[in-house]
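The values are calculated or read from the model by the stated rules, or taken from the named source; none is laboratory data. Keep in mind the model is a prediction, meaning the values are calculated, not measured. We place every Cβ from the backbone using ideal geometry, glycine too, and count neighbours over all the protein chains shown.
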Protein chains: 2
Amino acid sequence: TIFEALTEMLAAPEASALCGKTVIVTAGPTREKIDDVRFLSNYSSGKMGFAIAAEAARRGAKVRLVTGPVNLPTPPGVERIDVESAAGMLAAARPLFDDCDLFIGAAAVADYRPEAPVAGKIKKKDAEMEIRLVRNPDILAGFANGRKPGQVAVGFALETAGGIDYARRKLVDKRLDLVAFNIYDGRTSGFEVDTNALTLLGRDGNVTELPLLSKEKAAAKLLDAVESILPR
Amino acid sequence: TIFEALTEMLAAPEASALCGKTVIVTAGPTREKIDDVRFLSNYSSGKMGFAIAAEAARRGAKVRLVTGPVNLPTPPGVERIDVESAAGMLAAARPLFDDCDLFIGAAAVADYRPEAPVAGKIKKKDAEMEIRLVRNPDILAGFANGRKPGQVAVGFALETAGGIDYARRKLVDKRLDLVAFNIYDGRTSGFEVDTNALTLLGRDGNVTELPLLSKEKAAAKLLDAVESILPR
């Protein structure tokens, strides 16, 4: 009823479990240099991570947003740190690990980087070329493995199809508390769009399938789930 | 004197040689897919190409701006065509070749693309990986080689150091009328900045070294040089 709705609206809001907590959110793509003008990257727009950072700040958390190159305004009350590569993101985030209650890895960190980036600009000579790539450090797994008791680690798994088993493996392998599994369909969900359909996988085995939501609403739902596992 | 300055200002402007001409400008980077989420690209912001398109439209040209992914507003009076890859840029630009008086290739078209882009998302498995690349078509050279008498072709040569010989070779090899040589120093000139120091190399052997200018002013100077070689 309208009366109940008003009562709910006017009730003193329950303090969020995020209130006063220190949160690291990573967002956006990383760029991995091939030479001084060329790079490897991915289609991440940073929208999901920025929506999470904004919502966490709204709930009273102290938010540090470590972001790759994106074209998004900094959410109010959020401390933003801009980085370019996976190595840069790790260097910026690692000093913050100790002093954080929650790490949400929403960045699409490049898995690989060119083995030997070239200073200057590689000349095009040959009809074919090869780039040798090596694995990048896994920032989220690094946090999760080295964390102190009580620190919470949340990750994303973006898969193009039928990837929920991969998301489940990610939860276990990286020792995360929660994984947001995210089907990339190139249209309504995933990169560069304003909506997202997340399935939340908890360490406890809980599976919550969210409908297609704006990234802002998806961020709120994700943080609801995070609040339920955050130590008070 | 003030009188002379006013007289000049109030004089009927001489019609630009660009007035009524049809111009193709390419701008921005291209993205070359590795799989559905990853790509190769470069740091081009598109600012130089967009500034040229804006200035050419201001001078009365009919401008078609074929641009890779950038975050820039379409200049007034310019017809914009968005593309992603080099192949996409060629497909969009080629049908316009016949009906154009001037082609200015300001895009940083990727020289190479992955030989076999993968549908879906490549799984990270190995510590190392290799991407085999093949050469992309050269859109500007394609135009220059196939053009009709009177059509003018202008290119850019972005080099990190001492590259003016390379720019000169580009002028000859691609059979261009004018090359804007552009030192990439990562700070004041080249990609992602608002200024540019161009050296204009004409087919006639003329070399014009411009100072460090805003990209808008550099575009105007470049078009001044173009006007002097455009058939009336």
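Within segment B:213-232, the only residue that satisfies the criterion of being surrounded by 15 or more Cβ atoms within 10 Å (Cβ to Cβ) and part of a strand (DSSP E or B) is B:L213.
Residue check: B:S214 meets all listed conditions (1) in contact with a helix residue (DSSP H, G or I) (Cβ under 6 Å, 6 or more places away or on another chain); (2) at pLDDT 90 or above but one, namely (1).
The residue that is farthest from B:P137 (Cα to Cα), counting only those in segment A:109-125 that are under 26 Å from the mean Cα position of the chain (by Cα) and buried (at least 18 other Cβ atoms within 10 Å of the Cβ), is A:V109. Quick check on this structure: which one of A:S44, A:S16 is within 14 Å of another protein chain (Cβ to nearest Cβ), at negative phi and among the polar types (S, T, N, Q)? Going through A:S44, A:S16 in turn, the sole match is A:S44.
Counting the residues of segment A:18-37 that are at pLDDT 95 or above and in contact with a Ser or Thr (Cβ under 8 Å, 6 or more places away or on another chain) gives 8. Can you pull out every residue in segment B:175-212 that is within 14 Å of another protein chain (Cβ to nearest Cβ) and not in a strand (DSSP E or B)? Of everything in segment B:175-212, those that are within 14 Å of another protein chain (Cβ to nearest Cβ) and not in a strand (DSSP E or B) turn out to be B:Y184, B:D185, B:G186, B:R187, B:S189, B:G190, B:F191, B:E192, B:V193. Restricted to segment A:169-197, and to residues there that are aliphatic (A, V, I, L, M) and over 18 Å from A:G28 (Cβ atoms), the residue that is surrounded by the most Cβ atoms within 10 Å (Cβ to Cβ) is A:V179.
Counting only strands (runs of 3 or more DSSP E) that sit completely within segment A:60-161, those holding 1 or more residues that are among the hydroxyl-bearing types (S, T, Y), more than 10 Å from every other protein chain (Cβ to nearest Cβ) and touching a Gly at 6+ places or on another chain (Cβ under 7 Å) correspond to A:62-67. Restricting attention to segment B:19-41 and to residues that are assigned to a loop (DSSP other than H, G, I, E, B) and within 12 Å of chain A (Cβ to nearest Cβ), the residue that is surrounded by the most Cβ atoms within 10 Å (Cβ to Cβ) turns out to be B:T30. Of the candidates A:R58, A:R31, the single residue that is under 26 Å from A:D185 (Cβ atoms) and of a type in the set (K, R) is A:R31.
Beta carbons closer than 9 Å, at least 6 apart along the sequence or on distinct chains, pair a first residue in segment B:165-185 that is on the phi > 0 side of the Ramachandran plot with a second that is among the aliphatic types (A, V, I, L, M) for B:R175/B:A141; B:R175/B:A144; B:R175/B:A153. Can A:V226 be described as under 30 Å from A:A15 (Cβ atoms) and among the hydrophobic types (A, V, I, L, M, F, W, C)? Criteria met by A:V226.
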